[in-house]
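Read the structure below first, then the notes.
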Amino acid sequence: MLSDTTRTQIEDLVQKNHVVLFMKGSRHFPQCGFSATVTRILDSYLPKYETVNVLSSPDIRDGIKEYSSWPTIPQLYIGGKFVGGCDIVKELDASGELAKLLGSDKQAPAKAEAPQIELSADAKAAIVAAQKEAGGDPLRIAIGPRHEYDLYFDAKQPGDVHVEASGLPFVLDAESAARAGKLAIAFVEGQGFRLDSSKAPPRVKSMSASELKKLLDSNRSGVYLVDVRPEAERKLASIPGYKALEPETIDALGALPAETPIVVYCKSGGRSRAAAEQLLSRGLKNIFNLEGGVTAYAEVDPTIPRY
């Protein structure tokens, strides 16, 4: 039963915020696919709005359902009035009605062309296995305005773009389809799915130790390794073929073919990520950070000492 205290708390949130979303997680870290979908839609309209993480308060989580007489999360309120959950928000977005409710001059998304999707063999196997447990719905690919990605199984909705790749069905809302371009989906054991879009702005990508080992074993000359550690650490343990991060190395990186993978590493991955971001700011694009650094690489290559 909804207590007076919880009712007052919910009413205060609803009345004091023009747009408030009761969700699982937060705007920047949603913790369910439905919440992620609604935040992605709202992000395309609004620079700022209030979110309430129902996972942090059992009273709010149960109370909002009774307050709105709506059984599921997320729940969107605009101007003090209950709008609906994920499916209703998607329908309002597709029709242009959500823009009116929010007082936005954004137009309803135009019909987007189907993107090209390439699946790695591991990604296909992981999707097929998960799809059986999910009941057969297609995999939804959601791409936010900052090219953040979300994957979850969901039925096709009005306005969605349907794509088949490697014999598997995918659905995207119109805005995600427009942002996708050529989309590559890979699966890394222990890390999950990794998506790369031809339309995404350049950013540092992650590479696991096992991925690097496989890449070096198959084409060592096609990988440019950069060790950002000082010389004393490099003498303790290093990956053969590396170049130290020095001015001449940076000059050499600029002359590499654009498709050459540049893998930056340190002991555990923290310093190298910062260095990779700096290289990215210099205009280099195909930059990877070795997650776990040389410590992780020593686990897949026993010839590398540990320190």
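The values are calculated or read from the model by the stated rules, or taken from the named source; none is laboratory data. Just so you know, these numbers come straight off a predicted model, no measurement behind them. Every residue, glycine among them, receives a Cβ derived from its backbone with ideal geometry; neighbour counts consider all protein chains shown. In case anyone asks, the SASA skips ligands and DNA or RNA and just uses the protein heavy atoms, side chains included. Shrake-Rupley method; radii C 1.70, N 1.55, O 1.52, S 1.80 Å.
In this label model, Ala184 and Arg203 are separated by 1.6 nm, measuring between points 7 Å along each Cα→Cβ vector. Per residue, segment 1-97 exposes 50 Å² of solvent-accessible protein surface, assessed with a 1.4 angstrom probe and all protein chains in place. Heavy atoms of the protein chains alone define the surface here; on that basis segment 124-274 has 48 Å² accessible area per residue at 1.4 Å probe size. Here the relative contact order of segment 110-253, from alpha carbon pairs under 8 Å that lie six or more residues apart, stands at 21 percent. Compared with the dominant Cα axis of the chain, that is its longest principal axis, helix 209-219 is turned about 50°. Pairs spanning more than 25 Å between alpha-carbon atoms, out of Lys24/Lys124; Lys213/Lys235; Lys24/Lys156; Lys124/Lys156: Lys24/Lys124. Across the chain, C-alpha contacts under 8 Å between residues 6 or more apart give a mean separation that, scaled by the residue count, equals a relative contact order of 12 percent. Against the chain, whose longest principal axis is taken from its Cα atoms, helix 121-134 shows a tilt of about 30°. Computed over neighbours whose Cβ is under 9 Å from that of Ser166, the net charge equals -1, Lys and Arg +1, Asp and Glu -1. The phi torsions of segment 159-173, fed into the Karplus equation with coefficients 6.51, -1.76 and 1.60 and a -60° offset, translate into couplings of x, 6, 9, 9, 9, 10, 9, 6, x, 10, x, 9, 10, 9, 5 Hz, rounded to whole numbers, with Gly and Pro shown as x.
Hey, any idea what % of the chain's accessible area is carbon plus sulfur with a 1.4 Å probe?
51 percent
Hey, what angle do you get for helix 270-281 against the long axis of the chain, alpha-carbon based, 0 to 90 degrees rounded to 10? Taking Cα atoms only, the helix is inclined about 80 degrees.
Per-residue Karplus couplings for segment 75-84, computed as 6.51 cos²θ - 1.76 cosθ + 1.60 with θ equal to phi - 60°, are listed in order as 9, 10, 10, 10, x, x, 10, 6, 9, x Hz, Gly and Pro entered as x. If I compute percent of Cα pairs over 30 Å apart from the structure I just sent, which labelled value in (i) 51; (ii) 47; (iii) 24 lines up? Recomputing percent of Cα pairs over 30 Å apart here gives the entry labelled (ii). Within the shell defined by Cβ-Cβ distances under 13 Å, the residues around Arg306 carry a net charge of -2, with Lys and Arg each +1 and Asp and Glu each -1.
What residue among Glu175, Glu118, Glu233 has the largest mean-square fluctuation in a Gaussian network model of the chain, using Cα springs under 10 Å? With Cα springs under 10 Å in the chain, the top fluctuation among Glu175, Glu118, Glu233 is at Glu233.
Over segment 1-59, calculate the relative contact order: mean separation of alpha carbon pairs under 8 Å at least 6 apart, over the residue count, as a percent. About 40 percent, as a whole number. For Ile250 and Thr303, what is the calculated FRET efficiency with R₀ set at 25 Å and r taken between the beta-carbons, to the nearest 0.05? In this case the efficiency is close to 0.30.
Measuring between alpha carbons in the structure, the pairs from Lys132/Lys199; Lys132/Lys205; Lys214/Lys267; Lys16/Lys199 lying more than 28 angstrom apart are Lys132/Lys199; Lys132/Lys205; Lys16/Lys199.
Listed by chain and number, the aspartates and glutamates whose C-alpha is less than 16 Å from the C-alpha of Lys182, apart from same-chain residues fewer than 8 away, are Glu113, Glu118, Glu148, Glu164, Asp173, Asp196, Glu259.
Extension gain for Ser57 to Asp12 (0.36 nm times residue separation, less C-alpha to C-alpha distance): 14.6 nm. Which of Ser268, Ser197, Ser218 ends up with the largest GNM mean-square fluctuation for the chain, with Cα atoms connected below 10 Å? Looking only at Ser268, Ser197, Ser218, the largest GNM fluctuation is found for Ser218.
Separation of segment 1-61 and segment 192-224, taken as the distance between their Cα centroids, equals 37 angstrom.
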